[in-house]
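Accompanying notes for the structure given below.
Computed from the coordinates by the stated procedures, all read-outs in this text should not be read as laboratory data. All of these numbers come straight from a predicted model, not from anything done at the bench. Positions of Cβ are backbone-derived with ideal geometry, glycine not excepted, and every protein chain shown enters the neighbour counts.
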Amino acid sequence: LAIISLLLWFAVSILGSSRIPFTSYEIADTVYYSWHNLFSYTPFYYTDFMGINVYRLQGLFWEPGVYQLYLNLAIYHYFFEEKPHENAIKLVILYLNLILTMSTTGLCIGIMLLTIYIINLKLFKRSRQLMILIGGALASAGCVYFLGQKMLASMQFGWHGSMAARINDQVVALKLFSQ
């Protein structure tokens, strides 16, 4: 799935390929485009990169934030259930997919998983406490940076976007809980 998503993302987002047959559908005023139910994109999930609309990778899911959940589960499985040194290309593909989702939460989780994996390597067995401290600080700094960038972007657009929506989810949940 990650390989197919990456190839179709490249064809659609970078090459602008409309030669591949696709279907479109609308749900709640949002238009989705789908390539044989293997890859989807939504026009408003994009970033302008040097004059090219680069769509956020969402795989076969309805938004990139959902795809990152499955990618991080695969990364977790790779690090802690498989033998990572046997197939490093799988890890590269998974992390490339994760980066292209441009999901702040997904990137933070991916950084944390990588940090935990590195700390647990036998190479660092003697200095585990120091590695936990350094790795935790670096991972936290990376996550704070990503979250800060996301907050700045949300504030520039009148506090809209996924971060504002996630915060609003928590506010609504607290209001409902208090009632």
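Just subtract the alpha-carbon distance of VAL54 and ARG19 from 0.36 nm times their residue separation and send over the number in nm, one decimal.
Length difference between fully extended and current span is 10.8 nm.
Between LYS83 and TYR33, what is the label-point separation in nm under the 7 Å Cα-to-beta-carbon projection?
4.3
What's the FRET efficiency of LEU176 with LEU130 using the Cβ-Cβ distance as r and R₀ = 45 Å, to the nearest 0.05?
Given R0 = 45 Å and the Cβ-Cβ separation, E is 0.50.
What distance in nm separates the two pseudo spin-label positions at LEU96 and ALA137, each 7 Å out from Cα along the beta-carbon direction?
About 3.4 nm, to one decimal.
How much FRET efficiency would the formula 1/(1 + (r/R0)^6) give for ILE4 and VAL144, where r is the Cβ-Cβ distance and R0 is 25 Å, rounded to 0.05?
Efficiency computed from Cβ-Cβ geometry: 0.15.
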